[in-house]
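Data first, discussion second: the structure below is written as structure tokens.
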Amino acid sequence: MPDPLWLHRPLLNWRDIYAWGLEQGVRKMMPPEQLHVTLATVRQPVEWADDDLELQTDELTVPAGHKPVQIFGYTVKALAFSDLRIERRHEILLARFPQMDHSMLRPHVTLFRGGKMPKRAYHGELVFGPEIVEVFNEANARNIKHVRIDGYNPE
């Protein structure tokens, strides 16, 4: 049965991002379980199955280096970066799903909506977990609540 598609890799080293954010004066960010890099979003129903997509099951580390904070969609603050492996994966997915949102990939990790721009770029590495595929749900994507990052302790 066709469904909308969302393929992403979760950010595993979110504690490093929270620590950097606190140094920049950021008080709230997306919750850790929402920090990720999106590889593909297809809002219209398409044919796909978990086992048919050959999901990448490795961890992917983007090396330390300059990762500026950029504004996406007018209010979203995100860490922007480049990674050839992510770009290649996006090309493969775009060939399979040409109706995909954002055919021009700009890899990023959304940090928060609104608020002040951090003054300095992030220079640490980004560690992403294995790919996860889910049915895309726009209502869920819009209703993410930020969490206070000082003293954050997930249960």
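When Ser103 is evaluated against the numbered criteria (1) polar (S, T, N, Q); (2) surrounded by 14 or more Cβ atoms within 10 Å (Cβ to Cβ); (3) over 22 Å from Trp14 (Cβ atoms), which criterion, by number, is the only one it fails?
Going through the list (1) polar (S, T, N, Q); (2) surrounded by 14 or more Cβ atoms within 10 Å (Cβ to Cβ); (3) over 22 Å from Trp14 (Cβ atoms), Ser103 breaks only (2).
Which members of region 41-74 meet the condition of being among the hydrophobic types (A, V, I, L, M, F, W, C) and without any contact (Cβ under 8 Å) to a residue 12 or more places away in the chain? Give the steps one after another, and end with the answer.
So in region 41-74, the residues among the hydrophobic types (A, V, I, L, M, F, W, C) come out as 42, 46, 48-49, 53, 55, 60, 62, 64, 69, 71-72.
If the condition is that a residue be among the hydrophobic types (A, V, I, L, M, F, W, C) and without any contact (Cβ under 8 Å) to a residue 12 or more places away in the chain, then Ala49 is the only one that fits.
Consider Ile92 carefully, then state whether it is in a helix (DSSP H, G or I), in contact with a Pro (Cβ under 7 Å, 6 or more places away or on another chain) and either more than 24 Å from Ile17 (Cα to Cα) or not small (Gly, Ala, Ser) (or both). Give the steps one after another, and end with the answer.
On the way: in a helix (DSSP H, G or I): yes; in contact with a Pro (Cβ under 7 Å, 6 or more places away or on another chain): no; either more than 24 Å from Ile17 (Cα to Cα) or not small (Gly, Ala, Ser) (or both): yes.
Answer is no for this residue.
Answer yes if at least one residue in region 112-132 is farther than 17 Å from Met30 by Cα, within 14 Å of the chain's Cα centre (by Cα) and not in a loop (DSSP other than H, G, I, E, B), and no otherwise.
Yes - at least one qualifying residue is present in region 112-132.
Give me the pairs: first residue in region 20-39 and on the phi < 0 side of the Ramachandran plot, second residue part of a helix (DSSP H, G or I) and among the basic types (Lys, Arg), beta-carbon distance under 6 Å, and six or more apart or on different chains, which are they?
As it stands, the answer is Leu39/Arg89, since those pairs meet every condition given.
Values quoted throughout were computed directly from the atomic coordinates according to the rules given, and no laboratory measurement underlies them. Predicted, not measured: the structure shown is a model, and the values here were computed from it. Ideal geometry is used to build each Cβ from the backbone, glycine not excepted, and the neighbour counts take in all protein chains shown.
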